[in-house]
Amino acid sequence: MHGIARSMLKNENATLNDLVLHIRQKGYKHIHFGGLFSCKSILSDLEEFLQLLNSTSIKCDYKISTSIDTNFDAENHWGFIETIDISKVDNLEPKKPYINDVDSKLWKVFKYIDFGLFNDLECRMMAGGYSDLESSLQILSKYFRKAIMATRGEKGVLGMHNGSNSFFNFDSLNVSVVDATGAGDCFNAGFIFNYILNKNETQNEFELIEKSAQYGCYAGSLGVTRMGASDIPITFADIEDLVCANNSSKKIKM
Ligand SMILES: Nc1ncnc2c1ncn2[C@@H]1O[C@H](COP(=O)(O)OP(=O)(O)OP(=O)(O)O)[C@@H](O)[C@H]1O
Ligand SMILES: [Mg+2]
């Protein structure tokens, strides 16, 4: 992170404090950490950065929200699970992943992050190698401040709020797939955009989070109908039209 601070601010001596001040001054509303498993080195001081970001000592009249998408862990470590109480989860055979110091730092930062945005496999691996997505979401939802979501390709998205005992889900759109690469990033973009656009207007944050998951889902579905990441950009209006036309969310009680 210090390296990022220095390169973003073009200043050899920039500190994390300087980076947070810069973010505040620019008026950024949300910080998303994408592909974290591909740049584990930033974990060394990510916790310090997030503490500073949340600190009241750096004045700011609005709250910056945060999300994380670790993407696939090519090293197959999948983070640190020592604190998970697997005895409460029935009929599962979790494989305890390799634990190392770098990965333990990942688990420490989750508590500062509002949203975990993963795909189905990533969720199950992060939770300890479960076969069952619902149980994995139950475990992981406690670690994030607001919610966890697992995208499921053509099956849409399944999510859970922190402290909730039910899931929300949205079906993806029935589309002709041209190129599925980047669907997860499209989901993240749609989710975050709608969330930050409306978060100060809303009285019910649970509803906003669910609605934003629907935006993410449709952004992902539109994304797979196009070649590459930026052939014909998806607009917010495109997604909004689809949300209006498909106004349904299913709640699953546990
Ligand atoms: N075949 C598909 N048909 C319709 N929608 C899809 C399809 N594949 C993906 N999507 C949409 O995109 C979202 C994200 O897709 P997915 O779960 O494949 O993410 P991912 O595994 O992170 O993808 P990637 O790693 O390629 O970015 C899904 O929740 C869904 O809304
Ligand atoms: Mg992904």
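We did not get these values from a lab; they are worked out from the coordinates using the rules stated. Computed from a prediction, not measured in an experiment: that's the story for all the values here. Methodologically, a virtual Cβ is constructed for each residue, glycine included, from the backbone with ideal geometry; neighbour enumeration extends over all protein chains shown.
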If R0 = 25 Å, then residue 44 and residue 196, at their Cβ-Cβ distance, give a FRET efficiency to the nearest 0.05 of 0.35
If you count the DSSP beta bridges with both ends in the stretch 99-198, what percent of them are antiparallel, to the nearest 5?
65 percent
Please report the spacing between the Cα centers of the stretch 114-136 and the stretch 178-238 in Å, no decimals.
20 Å
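If you count, for each residue, the other Cβ atoms within 10 Å and average over each peptide, how do 29-41, 143-155 line up from highest to lowest?
Sorting 29-41, 143-155 by mean packing, highest first, produces 143-155, 29-41.
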Are there GluC sites (Glu not before Pro) in the stretch 186-217 that DSSP puts in a loop and that have at most 10 other Cβ atoms within 10 Å, and which ones?
201
Per residue of the stretch 156-172, what does 6.51 cos²θ - 1.76 cosθ + 1.60 with θ = phi - 60° give for ³J(HN,Hα)? Whole Hz please, x for Gly and Pro, Karplus curve as stated.
x, 9, 10, x, 8, 7, 4, x, 9, 10, 9, 9, 10, 9, 9, 6, 7
